[in-house]
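Worksheet: one structure, shown below.
Since every read-out is calculated from the coordinates, none of them should be taken as a lab result. Since the structure is predicted, the reported quantities are computational estimates derived from the model, not experimental observations. When we count neighbours, we look across all protein chains shown, and the Cβ atoms used for this are built from the backbone with ideal geometry, even at glycine.
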Amino acid sequence: MSTIVYDGTAMLGRHLQRVKHAPGVLILMQTMPVTMLLFFGYVFGSALAVPGQEYRAFLVPGLLAATAANGIMSGMFQAAQDSHRGVMDRFRTMPVSRAAVPLGQTAADLLITAAGMVPLALVGLAVGWRVEGGALAALGAFGLLVLFRFATAWVGCYLGLLIHNEEAAGQLGSATFILPLISSAYIPTDNLPGWLRTVAEWNPISAVATAVRGLCQNASPAADAAWPVAHPVAGTIAWSLVLLAVFVPLAVRKYANSGR
């Protein structure tokens with residue numbers, strides 16, 4: 001365990017150095033959700049009605065959840081890039097714990113994303129979003145976002161190692177943009193057709209967005225919502241643990257065996 005922590009810390013430092021030498025990536029991660037908030041909030045906000053609250057206040061938790069889900073895209077591209085360029089092969093020739101390499105990548109992604117959520121939350125407060133549940137509830141919501149981001153980063157890491165090509169990973173990663181659209185991140189699911197509502201409410205992003213709204217704004221889900229949305233905190237934790245239980249061993253095994 002100590003070897004994994006030591007080597008994982010070294011890999012974490014490597015990924016943070018990459019961001020330091022490519023600050024445009026960090027700037028893009030911080031500005032893109034803010035741009036989407038302003039665009040969706042002011043361009044589409046006048047045409048969308050959310051019972052009981054302003055659309056922008058509804059949108060901010062959804063964008064936070066979508067940002068957490070984007071771990072799939074970023075994790076996929078980073079892993080595929082290192083694999084495609086031979087970096088993973090060099091690591092496998094070194095006395096480094098096999099779990100440490102993907103752990104360092106996902107941990108770095110977690111820290112960068114946590115920092116990137118701050119500007120979105122601040123702009124959200126400026127445009128009308130309010131944290132009505134108190135400081136502890138807000139910390140709980142942030143903890144759920146971080147946990148879900150960590151889980152999705154492992155999903156992306158495995159897919160990137162599986163694809164093994166950074167161009168293909170970039171194209172496939174762009175397709176993950178549709179995932180928040182089929183959820184309650186941007187619109188309420190109450191009025192969707194029956195089958196589509198079921199799909200949207202069993203989308204993990206819906207549980208995360210609903211949990212953040214419930215903790216920060218004391219918002220209640222619909223009485224007839226699917227279980228993950230009706231119990232959003234438990235649903236978010238359950239989805240995150242399931243993803244971690246499945247994709248952590250898959251990613252570690254794929255990294256260890258890719259060179260064979």
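Taking Lys and Arg as +1 and Asp and Glu as -1, the other residues whose beta-carbon sits under 14 Å from that of MET11 total +2. Spin-label model, ASN218/ALA256: points 7 Å from Cα along the beta carbon direction are separated by 5.1 nm.
Ranking of MET76, MET32 by neighbouring Cβ atoms within 10 Å, starting from the fewest: MET32, MET76.
Fewest first, what order do TYR6, TYR158, TYR55 take by the number of other Cβ atoms within 10 Å? Present the calculation step by step, with values, prior to reporting the outcome.
Numbers: TYR6 12, TYR158 25, TYR55 19.
Least to most surrounded, the residues fall as TYR6, TYR55, TYR158.
Shape analysis of region 110-243 places it in the oblate category; the axes a ≥ b ≥ c from the Cα gyration tensor give an a/c of at least 1.5, with a/b not above b/c.
Can you list the DSSP H helices in the chain whose Cα atoms extend at least 18 Å along the helix axis and whose mean Kyte-Doolittle hydropathy is -0.5 or higher? Mind showing how you got there, number by number?
Details: long enough: 2-21 (29 Å, -0.32); 23-39 (24 Å, 1.65); 55-69 (21 Å, 1.26); 71-84 (19 Å, -0.10); 100-126 (40 Å, 1.54); 135-163 (42 Å, 1.93); 204-217 (19 Å, 0.94); 232-257 (37 Å, 1.28).
Long hydrophobic helices here: 2-21, 23-39, 55-69, 71-84, 100-126, 135-163, 204-217, 232-257.
Model label sites at TRP202 and LEU38, defined 7 Å from Cα along the beta-carbon direction, differ in position by 3.9 nm.
Exposure proxy ranking for TRP227, TRP202, TRP195, TRP239, based on other Cβ atoms within 10 angstrom of each Cβ and starting from the fewest, stands as TRP195, TRP227, TRP202, TRP239.
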